[in-house]
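Trainee: Following this message is one structure expressed as structure tokens.
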Amino acid sequence: MHTLFIDADACPVKEECFRVAERVGFRAIVVSNGWINTRRAPFIEQVVVEAGPDVADDWIAERAGPGDIVVTSDIPLADRCLKAGAQALRPNGSAFTPDSIGSALAGRSIGEHLRGMGVATSGPPPFGPRDRSAFLQALDRAVVVAKRAGGG
């Protein structure tokens, strides 16, 4: 069965993920470091992992594979999932790809270095309706690819 993994701690599109997963017959797994109030449905599973850096990421990366979709803003997690054959989408609808992940990792590294030196860097832009719409379109495209890749 295809799985939609949701890196849920700061994910603004959980409900959209649930609607799409239900419509297309995917299992949705919500992974977080603490309990999150989610809709109860047979296709939704909530996994609460221990607190700690990258524990939720590790849980997802160890299970995601071909035919699966991972929704995350975490670039290293996206890289690990891509290497395992899964697709990775940001909540704003932009897809991580094998061609783009290297640049994303480099940009993240530069940002961390600048912040470590005390340079103020800007965070992500505010999440808005266009992002939600772009995400839904990207998720629909990813579902088509996942079904082809995973035989479903």
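Trainee: Assuming 0.36 nm per residue, please report the length gained on full extension of the stretch residue 1 to residue 54 beyond their Cα-Cα distance.
Mentor: Length difference between fully extended and current span is 16.5 nm.
Trainee: If you roll a 1.4 Å probe over the heavy atoms of the protein chains, what accessible area per residue do you get for region 1-99, in Å²?
Mentor: For region 1-99, the solvent-accessible area averages 46 Å² per residue.
Trainee: Further question on the same structure: Taking semi-axes √(5λ) of the Cα gyration tensor in Å straight from the coordinates, which label in [x] 33, 15, 12; [y] 25, 17, 16; [z] 21, 19, 17 is the correct one?
Mentor: Only one listed value fits the structure, namely [y].
Trainee: Once neighbouring chains are kept in place and the probe is 1.4 Å, which whole percent of the accessible area of the chain is contributed by carbon and sulfur?
Mentor: 53
The values are calculated or read from the model by the stated rules, or taken from the named source; none is laboratory data. Remember, it's a predicted structure, so these values are computed and weren't measured experimentally. Accessible surface is based on the protein model in full, side chains and every heavy atom, while ligands, DNA and RNA are left aside. Shrake-Rupley method; radii C 1.70, N 1.55, O 1.52, S 1.80 Å.
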